[in-house]
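*Asks:* Below are the structure tokens for one structure; questions will follow.
The values are calculated or read from the model by the stated rules, or taken from the named source; none is laboratory data. Nothing here was measured: the structure is a model prediction, and the numbers come from that model. Here the Cβ positions follow ideal geometry from the backbone for every residue, glycine too, while neighbour counts run over all protein chains shown. Heavy atoms of the whole protein, side chains included, go into the accessibility calculation; ligands, DNA and RNA do not. Shrake-Rupley method; radii C 1.70, N 1.55, O 1.52, S 1.80 Å.
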Amino acid sequence: MKQKITVNIRETGKRTIKLEAAAIEGLEAFVNDDFEQTVNLVAQCRGRVVVTGIGKSAVIAQKIVATFNSTGTPALFMHAADAIHGDLGMITPDDVVLCISKSGESPEVKVLVPLLKNMGNTLIAMVGKMDSYLAQSAHFVLNTSVAQEACPNNLAPTSSTTAQLVMGDALAVCLIELKGFTAEDFARFHPGGTLGKKLYLRVGDLSRLHQIPKVKLKSTLREVIVEISSKMLGVTGVVNDKGGLEGIITDGDLRRMLEKNMDASGVIAEDIMSRNPKTIGHDELAVNALELMRAYDITQLLVMNGDQYHGIIHLHDLIREGII
């Protein structure tokens, strides 16, 4: 009968995190001349960064490719095993190749490296052994050596793959700054999902989906109620005879008026409106509208196009688009 093993799960979890954190901290010493030259080489590359690896390193390679592509550095993944069975054809003369391997001695890597060198492409190694075949063969070396894997047997790639991932991020962030890659650039590559919407969706894109509720200063209470009800936004803007914005009336303003037992027979919009309403420009990012609503604890903003009243953006618009 197999003996039951007792494990302190919390301590094991904490030890794993500490070991991997130490591996990351140790990378700082490896940000050297080769690292700097690699960043400059990739930044000036007229082709793409072809990232390759085998096993767990191949998984890290795919993540690095995804990060590069999303931050303005064209990249593609090539599995080291598939490369020697036809995928070498994806490499063009202007490409730079980044080969990732912990040992630098994998059979697939040892077959691939001379083929890459014969093609004339610059080879960058991200490797955990500086005396390995890969490290000795590459033009530039990114050292991702770790003192110990988090695996209790010091075998399964854990600390080493974390180090590879972080080194890839360090490259990507340096390239972002070197290329002047902006939030607007990022938005162009991320048009879908919540992240993309936060970076490109404008207030006017949402407000134009609604009719524009508005009444004049002298509009009767009945006209105000009809306008708010028919436009179904719980609010209306109040404009003067020239169309300039004077104030806002919400359904809350109507309730408060009724609570005061006012004589409603002669009430006009001007009597119950709130002056100096909170507004936002139609070309502002929708996420900025959310920040204003949160700051003032309100659920809608009047949208302006210059000095012209342009409509309403409501909290529900932001919820519907997944901005929140």
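*Asks:* Residues in the stretch 53-86 that are farther than 16 Å from residue 128 by Cβ and in contact (Cβ under 8 Å) with a residue 60 or more places away in the chain: how many?
*Replies:* So in the stretch 53-86, the residues farther than 16 Å from residue 128 by Cβ come out as 62-63, 65-79, 81-86.
Okay, now just the ones that are also in contact (Cβ under 8 Å) with a residue 60 or more places away in the chain, so 63, 67-73.
Qualifying residue count, the stretch 53-86: 8.
*Asks:* Filter the stretch 67-80 for residues that are open to solvent by less than 60 Å² (accessible area, probe 1.4 Å) and either at negative phi or in a strand (DSSP E or B) (or both) and give the result.
*Replies:* Restricting attention to the stretch 67-80, the residues satisfying the condition of being open to solvent by less than 60 Å² (accessible area, probe 1.4 Å) are 67-68, 70-73, 75-80.
Scanning the stretch 67-80 gives 67, 68, 70, 71, 73, 75, 76, 77, 78, 79, 80.
*Asks:* Would you please name the residue that is modelled with the highest pLDDT, looking only at residues in the stretch 187-200 that are closer than 24 Å to residue 39 by Cα and either open to solvent by less than 50 Å² (accessible area, probe 1.4 Å) or hydroxyl-bearing (Ser, Thr, Tyr) (or both)? Talk me through it step by step, then tell me what you get.
*Replies:* Going through the stretch 187-200, the residues closer than 24 Å to residue 39 by Cα turn out to be 187-190.
With the extra rule that they be either open to solvent by less than 50 Å² (accessible area, probe 1.4 Å) or hydroxyl-bearing (Ser, Thr, Tyr) (or both), the set shrinks to 187, 190.
Values: 187: 66, 190: 61.
Looking at the filtered set, the residue picked out is 187.
*Asks:* Every residue in the stretch 226-244 that is under 22 Å from residue 317 (Cα atoms) and either at pLDDT below 85 or surrounded by 20 or more Cβ atoms within 10 Å (Cβ to Cβ) (or both), please.
*Replies:* 227, 228, 233, 235, 236, 237, 238
*Asks:* Something else now. Given 297, 263, which one is of a type in the set (D, E, K, R), more than 25 Å from residue 183 (Cα to Cα) and at pLDDT below 85? Full working, then the answer.
*Replies:* Working: 297 fails: at pLDDT below 85.
After applying the criteria, what remains is 263.
*Asks:* Filter the stretch 309-324 down to residues that are part of a helix (DSSP H, G or I) and over 19 Å from the mean Cα position of the chain (by Cα) and give me whichever is modelled with the lowest pLDDT. Before the answer, list the steps.
*Replies:* Within the stretch 309-324, the first condition is being part of a helix (DSSP H, G or I), and the residues that meet it are 315-320.
From what is left, the residues that are over 19 Å from the mean Cα position of the chain (by Cα) are 315-317, 320.
Details: 315: 88, 316: 87, 317: 86, 320: 83.
Filtering first and then ranking leaves 320.
*Asks:* Would you check if residue 13 is open to solvent by less than 100 Å² (accessible area, probe 1.4 Å) and under 25 Å from the mean Cα position of the chain (by Cα)?
*Replies:* On the way: open to solvent by less than 100 Å² (accessible area, probe 1.4 Å): yes; under 25 Å from the mean Cα position of the chain (by Cα): no.
Taking the combined requirement at face value, the residue does not satisfy it.
*Asks:* For residues in the stretch 205-225 being charged (D, E, K, R) and within 30 Å of residue 287 (Cβ to Cβ), which is modelled with the highest pLDDT? Before you say what the answer is, go through the steps one by one.
*Replies:* Taking the stretch 205-225 first, the residues charged (D, E, K, R) are 205, 208, 214, 216, 218, 222-223.
Those left that are additionally within 30 Å of residue 287 (Cβ to Cβ): 205, 208, 214.
Working: 205: 86, 208: 87, 214: 91.
Per the criteria, the residue is 214.
*Asks:* Being surrounded by 15 or more Cβ atoms within 10 Å (Cβ to Cβ) and within 30 Å of residue 222 (Cβ to Cβ) is the filter here; which residues of the stretch 283-297 pass it? Can you show your working first?
*Replies:* We begin by selecting, within the stretch 283-297, every residue surrounded by 15 or more Cβ atoms within 10 Å (Cβ to Cβ); these are 284-290, 292-293.
Within the stretch 283-297, just 293 meets the criteria.
*Asks:* Return the residues of the stretch 285-308 that are in a helix (DSSP H, G or I), without any contact (Cβ under 8 Å) to a residue 24 or more places away in the chain and not aliphatic (A, V, I, L, M); say none if nothing qualifies.
*Replies:* 291, 294, 296 - these are the residues of the stretch 285-308 that are in a helix (DSSP H, G or I), without any contact (Cβ under 8 Å) to a residue 24 or more places away in the chain and not aliphatic (A, V, I, L, M).
*Asks:* Could you please find all residues in the stretch 27-36 being within 27 Å of the chain's Cα centre (by Cα) and in a helix (DSSP H, G or I)? I'd like the intermediate steps shown before the answer.
*Replies:* Of all residues in the stretch 27-36, those within 27 Å of the chain's Cα centre (by Cα) come to 27-28, 31, 35-36.
27, 28, 35, 36 - these are the residues of the stretch 27-36 that are within 27 Å of the chain's Cα centre (by Cα) and in a helix (DSSP H, G or I).
*Asks:* Here's another thing I want to ask about it. With the condition kept exactly as written, say whether any residue in the stretch 99-109 is modelled with pLDDT of 95 or more and closer than 20 Å to residue 45 by Cα.
*Replies:* Taking every residue of the stretch 99-109 in turn, at least one turns out to be modelled with pLDDT of 95 or more and closer than 20 Å to residue 45 by Cα.
*Asks:* When you scan the stretch 38-58, how many residues do you find that are under 18 Å from residue 104 (Cβ atoms), of a type in the set (A, V, I, L, M, F, W, C) and surrounded by fewer than 24 Cβ atoms within 10 Å (Cβ to Cβ)?
*Replies:* The total comes to 2.
*Asks:* Kindly establish whether residue 131 is at pLDDT 90 or above, among the acidic types (Asp, Glu) and farther than 22 Å from residue 16 by Cβ. Lay out the reasoning, then the answer.
*Replies:* On the way: at pLDDT 90 or above: yes; among the acidic types (Asp, Glu): yes; farther than 22 Å from residue 16 by Cβ: yes.
In short, yes.
*Asks:* Taking the stretch 300-323 as the region of interest, how many residues are out of contact with any Ser or Thr (no Cβ under 9 Å at 6 or more places or on another chain) and open to solvent by 60 Å² or more (accessible area, probe 1.4 Å)? Full working, then the answer.
*Replies:* Restricting attention to the stretch 300-323, the residues satisfying the condition of being out of contact with any Ser or Thr (no Cβ under 9 Å at 6 or more places or on another chain) are 305-308, 318-320.
Right, trim to open to solvent by 60 Å² or more (accessible area, probe 1.4 Å) and you get 305-308, 319-320.
Residues in the stretch 300-323 being out of contact with any Ser or Thr (no Cβ under 9 Å at 6 or more places or on another chain) and open to solvent by 60 Å² or more (accessible area, probe 1.4 Å): 6 in total.
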